[in-house]
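The values are calculated or read from the model by the stated rules, or taken from the named source; none is laboratory data. Remember, it's a predicted structure, so these values are computed and weren't measured experimentally. Positions of Cβ are generated from backbone atoms using ideal geometry, with glycine treated the same way; all protein chains shown enter the neighbour counts.
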Amino acid sequence: MKKITLIALLFFFQAFNISANEPKLDQIINGLDNPWSLTFLNNDRVLITEKSGNLLLVNLSNKKTQKIKHNLNILEDGQGGLLEVLYYEDQVFVSYTENRKKGYSSTSVAKARFNELELNFQNIFSAEPPINSGYHFGSRLVIKDDFIYITAGAVSYTHLRAHETDSYLVCRLLLEKMLGLCCILALCWRFRG
């Protein structure tokens, strides 16, 4: 009986201890329209993408939100829109569904020097060929050791050869800094799921 009481007491104290350490969630901002990604500029400011094409600068201290103008030609269709955002060394990288006209689009990645008012993006990657589909343009961006890694998601290219369906694309681009310019060298891998 003493063992059962001891086990019950240990269980009770452990359960009480776990609940005392549960994380507390605080709402920082509201009113976002299909937010997709965020990146920290510093401890007080973040950039947030909304699928519709809005790029927002949020001040976490005063909770103010500001839209940043940009020149991206975004197509919000199905799963596509303004997707990933990554801030790195005063540059902003985004992945998005680029409107390639007549219903065609592709996953593209662009970069711009950070500016609080307006970003002038230049594409550094566009998936080829453009497709007429709103399916899975999702992509992630990671920078490590002077390389940016891009995933271009699982796209069902039903109009292409059967062996190319449901493939996953990972590209590694070298960010080589020369005279203030960023030169891009690409190496891509395709995986089938």
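Note on region 83-95: residues that are in contact with a Gly (Cβ under 7 Å, 6 or more places away or on another chain) and either of a type in the set (S, T, N, Q) or farther than 13 Å from Thr39 by Cβ (or both) total 0. Scoring Ser133 on the criteria (1) surrounded by 21 or more Cβ atoms within 10 Å (Cβ to Cβ); (2) touching a residue at least 24 places away in the same chain (Cβ under 8 Å); (3) not aliphatic (A, V, I, L, M) leaves a single failure, condition (1).
When the criteria are applied in full, Lys101 fails the requirement of being under 30 Å from Thr65 (Cα atoms), out of contact with any strand residue (DSSP E or B) (no Cβ under 8 Å at 6 or more places or on another chain), modelled with pLDDT of 80 or more and not hydroxyl-bearing (Ser, Thr, Tyr).
Can you tell me which of Leu57, Leu10, Leu25 is modelled with pLDDT of 65 or more and outside any loop (DSSP other than H, G, I, E, B)? Walk me through it before giving the result.
Values: Leu10 fails: modelled with pLDDT of 65 or more; Leu25 fails: outside any loop (DSSP other than H, G, I, E, B).
The unique qualifying residue is Leu57.
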